[in-house]
Structure formats: C-alpha cells, structure tokens
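Following: one structure in structure tokens, then a few remarks.
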Amino acid sequence: LMTPGRGRRRQRGMFLPALLVLGALGAVGWLLSYQTSAASRQLRQDMQTAHALAVAREALIGFAATYRSKEHPDADFGYLPCPDLDGDGSSETCGTKDQTSVGRLPYLTLNLPDLRDGAGECLWYAVSGGVKNNPKPDVLNWDSSGRFRLHDANGTAIALPGDQAGLAAALVIAAGPPRAGQNRSAGPARCGGDPEARNIQHYVEALGATAGSGIIDVRPGTDASNDRVAPITTGDIHRQLKRRGSYGPYLQSLLQATAACLAKSPLPAVVAPEALGAVELGHLPPLERLSGPCRNAELRDATANWAEMMRYARCRDGSDCLAGSGGRCRGALIFGGERNGNQPRVTPADRQSTANYLEAPTLAALAAGQLGGLPERIDLPFASSDAAVSTDVALCIP
C-alpha cells in the first residue's frame, strides 16, 4: 500500500509538468493573439492609407476637370493645383514655369478633410510643371505628358496608360512611418514640427531628384522606401472631361473662335507651309498677333492650349479654291483630334509633323480641294481606334 506521504509527493511531481504545459499553451495563445492583433492592425493601417490616397487622387482629378469654373472663368480645363508649401492646407504659387513642385496635399483647396495615411502622417503631393496652375505652362491639352516615371519593386519601369510616354503628371504620396535616419520631430502644427514641408527627405524616399525639368524616377515599395503612391496622368483628367456632353461643344467653340480670328482679308500667312494641291498647309500664325474671339479674355488661355492640335490651310493664289458643304472657301482650319497609335506627339519634332495630327484621307481631301466630305463638328468621346476621317474636323474659312 502507498503511504500518504509518498502519494502526495507523486501528485506534486505530476503537477509541475502540467503547469509547464499550461504555461506553454498560454504563451502560444498569447503569441498567436499578438500576431493576429498585429496583422489586423497592419491591415487597418493599409486600408486607411489606400482610402486616403484614393480620395485625394479623385479630388485632384475633379479639381482639374472643373478648373474652368466660377473661380477661373478665363482659364482652360485640366490644370492641377500647386502643393501646400507652408503647412496651412492651401495651394500656393510653386516655383517657376515648367518646374516640378513637391509639398503637402492642399486639402483645403480640394475641399477635403485633413486626410492622413495609416501611420497618421499628412499626405504629400508632387505635380509636374507642365500641368500645374500657378504658374501655368505655355500649352496644356490631352497630349501633354507628365514627368514622373514609376518603377515596380524590381526596378522595372511601368508605362502608365493615359500618357503617351507612360508618365504620371502628378503623384499623391503616403510617407508611412519614419525609417532609420528620418527625424520627424513633433510640434504644434497640423503635420508636426515641419509645417513648411522643407524637409521632404525625412518623409519621402521614393522620389528621385526633382530639380530641373527632366523626368523624375519614382521607386515606391522597395527596401529603400516604404512610400505608397497614387499616380495621375493627363489621360485620367481628359477621360473625365470627355464623358461630359458639354465638352465636345466647348472644344468646338475654341475651333470656331480660332477660325474667326483667321478670317481676315487677306488670310494671314501659314507658318512652315507645305504645298498640297492648290493650298499651302502648315501651322497657325501666332494667335497673339490676331484679333477676334480667340483673343477674348475668356478664350485666350484655352485657344493657346489647343492651337497645336490644329492645322491651317489657305489657297496659294488667294482665291476660294476649296469647296465646303456651305460654299467656297479661301482656307480651312482642321482640328486633328486625338492621336492614333501611329501618331507620336512626344518630342518637339513629333509635334511639328502634320502627319502626326491629320489623317491621310484628310490630306487627300485638301489636295483635291474638297472639304464637303469631312466632318464639321467635334464629336466626343474620341478614341484612338476611331475611323481615320472621324478624328479630323474641318472648318471652311470663307
């Protein structure tokens, strides 16, 4: 028989391993709970970042697509705001013409709440000089290209749809938590101790050098950067504009105003003319030397933006050598529409080439002196797969 003392010792000996097992199970449970909690926390932060970037991106596109409004009645559509450079939430004048600018998202200018990423940081914003509103570029239209070239995690360049060079016109940037070596001191200002956005290197790592007017490489989501970015192309902006029933008539009004400015006696000279049948075809004369509706305050900015999309023809002998649907014409103004896959318009040399704007049937019609078969009104939305003739619109200049 087991003595009472020996039984108690054996029970104590069995109790200790049980405690160890229970302790181990508790530790495992705590670790699993901690890992689940950490994963859940990270997911929430990632979702907040994605939401903030998406809201800011759509607000910027909306800003550009409604730019010609009560506040800017004499401007064209398509301009993006400058960043917030002094921490007050509003857009400022940013640098010189065509200079890229980086700062914080101007959330008040965009009528947004104070958006933050998942780390609680204010959003950053970079805009190409070719699309910013202050100071404006010389020309802005759907052929305008951005300055930011995105790369994936492997360093491969990403060609963005909506830009013929695959570049972004602007970026919304979530800086995320600070990395080693970054000093983001606390402070009373909305975004901490750096209200004037001068110390971008302590927040954003993905951007290459932004000085000058060249292409800027962007490398988010790498070992060297925890930034997340939301790109915007000029195609994103004009895709929204082209959905509106009023945008085709708006472009038509610019075409007609320009034709009215050209309808002088005699017709002004063609710039860089090429002989084509009985006409000479080339670029428009400088609009600032003309008078008429294209130079009125409310159209001056817009007609300047879209003049490069047009070509101008006049009869070489000064006669009315062209036949339009409504009668005889001394000249014609042609709107080239959107480019197709065989019409690059990236470089200055590309933009000088008439073949990169006008289709072969249009050139044949001009050479034959017959405009009646060409459309007279801009019919949106355009698409790069449209039939060739439908993308060119010709107005008779009597």
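In plain terms, the chain from Lys264 to Ser69 could stretch by 67.0 nm, reckoned as 0.36 nm per residue minus the Cα-Cα distance. When Rg and the Kirkwood Rh are both derived from Cα coordinates, the Rg/Rh ratio for the range 174-329 amounts to 1.23. Compared with the rule-of-thumb size 2.2 N^0.38 Å for a compact globular protein, the range 243-398 has a Cα radius of gyration ratio of 0.96.
Which percent of the accessible area of the chain is formed by carbon and sulfur heavy atoms (probe 1.4 angstrom)? Its accessible area is 55 percent carbon and sulfur atoms. Does a label point 7 Å from the Cα of Val346, set along Cα-to-beta-carbon, have any residues of the range 210-234 with amide nitrogen under 17 Å, and which are they? Only 214-218, 233-234 pass the distance filter. The modelled label-to-label distance between Asn111 and Arg190, using points 7 Å beyond Cα along the C-beta direction, is 1.7 nm. Computed over protein heavy atoms with a 1.4 Å probe, the accessible surface of the chain works out to 47 Å² per residue.
Hey, what did the range 70-117 get for relative contact order, percent, Cα under 8 Å, at least 6 apart?
About 31 percent, as a whole number.
Would you tally the net charge around Arg316, using a Cβ to Cβ cut-off of less than 14 Å, leaving Arg316 out, and scoring K and R as +1, D and E as -1? Charge balance near Arg316 sits at -2. Look at where the Cα atoms of the range 88-129 and of the range 230-305 average out, and the two centres are 32 Å apart.
Over the chain, Cα pairs under 8 Å with separation of 6+ residues give a relative contact order of 13 percent. Relative intensity of the chain on a log10 scale, I(q)/I(0) at q = 0.06, 0.13 Å⁻¹, equals -0.35, -1.05, per a Debye sum over C-alpha point scatterers of equal strength in the absence of solvent. Under 5 Å between amide hydrogens, built in the peptide plane, is the criterion, and for Ile158 it picks out Leu150, His151, Asp152 among residues at least 5 positions away or on other chains.
Determine the distance separating the Cα centre of the range 203-228 from the Cα centre of the range 130-185; give it in Å without decimals. Distance between centres, Cα-based: 9 Å. Taking square-rooted eigenvalues a ≥ b ≥ c of the alpha carbon gyration tensor, is the range 44-96 rounded, prolate or oblate, where a/c under 1.5 means rounded and, failing that, a/b exceeding b/c means prolate? Note, shape of the range 44-96 comes out oblate. The ratio of the alpha-carbon radius of gyration of the range 93-229 to the globular-protein estimate 2.2 N^0.38 Å is 1.06.
The values are calculated or read from the model by the stated rules, or taken from the named source; none is laboratory data. This structure is a prediction, so every number in the text was calculated from the model and none was measured. A quick note on method: Cβ atoms are made from the backbone with ideal geometry, for glycine too, and the neighbour counts reach across all protein chains shown. Heavy atoms of the whole protein, side chains included, go into the accessibility calculation; ligands, DNA and RNA do not. Shrake-Rupley method; radii C 1.70, N 1.55, O 1.52, S 1.80 Å.
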